[in-house]
1. I'd like the FRET efficiency for H50 and S120, computed as 1/(1 + (r/R0)^6) with the beta carbon distance as r and R0 of 30 Å, rounded to 0.05.
2. Taking the solvent-accessible surface of protein heavy atoms with a 1.4 Å probe, what is the per residue accessible area of region 44-189 in Å²?
3. What percent does the relative contact order of region 44-189 come to when contacts are Cα pairs within less than 8 Å and at least six residues apart?
4. Let me check against my output: what whole-number percent is the relative contact order of region 75-128, with C-alpha pairs under 8 Å and at least 6 apart?
5. Specify which residue in the list S134, M157, S62 is farthest towards the positive end of the charge dipole of region 44-189, using unit charges on the beta carbon of Lys, Arg (+1) and Asp, Glu (-1), about the Cα centre.
6. At V39 and A175, where each label point lies 7 Å from the Cα along Cα→Cβ, what is the point-to-point distance in nanometres?
7. How do the peptides 139-152, 69-82 rank, highest first, by the average count of neighbouring beta carbon atoms within 10 Å per residue?
8. Where the centre of each part is set by its Cα atoms, how far does region 52-76 sit from region 129-183, in angstrom?
Amino acid sequence: MEFVLLCVFLPLVTVAWDGQSDYYYPQYNYGDNDEWVNVYRQGFNFQCPHGQVIVAVRSTFSKEEGFDRLWNYACMPTPQSLGEPTECWWEEINRAGTEWYQTCSNNGLVAGFQSQYFPSVLDREWQFYCCRYSRRCSYSCWLTTEYPGHYGEDVDMMLYAYDHYIRGATTTFSAVDRDRQWKFIVCRMTDFNCQFENA
């Protein structure tokens, strides 16, 4: 009898488990040969392909190279429930050498980064490339832990949950270490169209 019950319920458990497998991102693809998107002390512009958003950030620091970092990003397609992006734009520039906090306006999701290095302050200015999906609104937002955990360390930040999205970041700058720590603003998005504009 127990064997018969096992034969009946095992396929149901397998189907239920398979339905959960899409909840987590597969292995991140940082592009060809895991190359960095920049070289030290140079500007860069990185944009995800149309319909994709940033889901992982990697970085390594070098004092010898002007207290600068190499960066790399991974993108993933957004689910069909969000639809196609209706508009994309560059947010305001965040100045080098200062602390800042910024989210994508108009319910946008981060789909790229642009940065320029300034040797006078040994730091970078930043811009987010944001994309809006229909009239979907963010909710249940939170800040990640600090990346890196300590100034000068490597960064390896990944979003493990499929339905969480980066909407911005807050950063602190150390005038002593000449490095930044980042906390990313991560949100969920409604699965229905909002009836209001939400900054």
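1. 0.25
2. Details: 6170 Å² over 146 residues.
Accessible surface, normalised per residue, equals 42 Å².
3. Details: 348 pairs, mean separation 40.5, N = 146.
After rounding, I find 28 percent.
4. On the way: 54 pairs, mean separation 21.3, N = 54.
For region 75-128, the relative contact order is 39 percent.
5. After comparing all options, I get S134.
6. The modelled label-to-label distance comes out at 3.3 nm.
7. Details: 139-152: 13.9, 69-82: 18.0.
Output ranking for 139-152, 69-82: 69-82, 139-152.
8. Region 52-76 and region 129-183 have Cα centres spaced 12 Å from each other.
The values are calculated or read from the model by the stated rules, or taken from the named source; none is laboratory data. This one's a predicted model, so the numbers in the text were calculated from it and none came from an experiment. Note that each Cβ is placed from the backbone with ideal geometry, even for glycine, and that neighbours are counted across all protein chains shown. We work out accessible area using only protein heavy atoms, side chains counted, and drop any ligands, DNA or RNA first. Shrake-Rupley method; radii C 1.70, N 1.55, O 1.52, S 1.80 Å.
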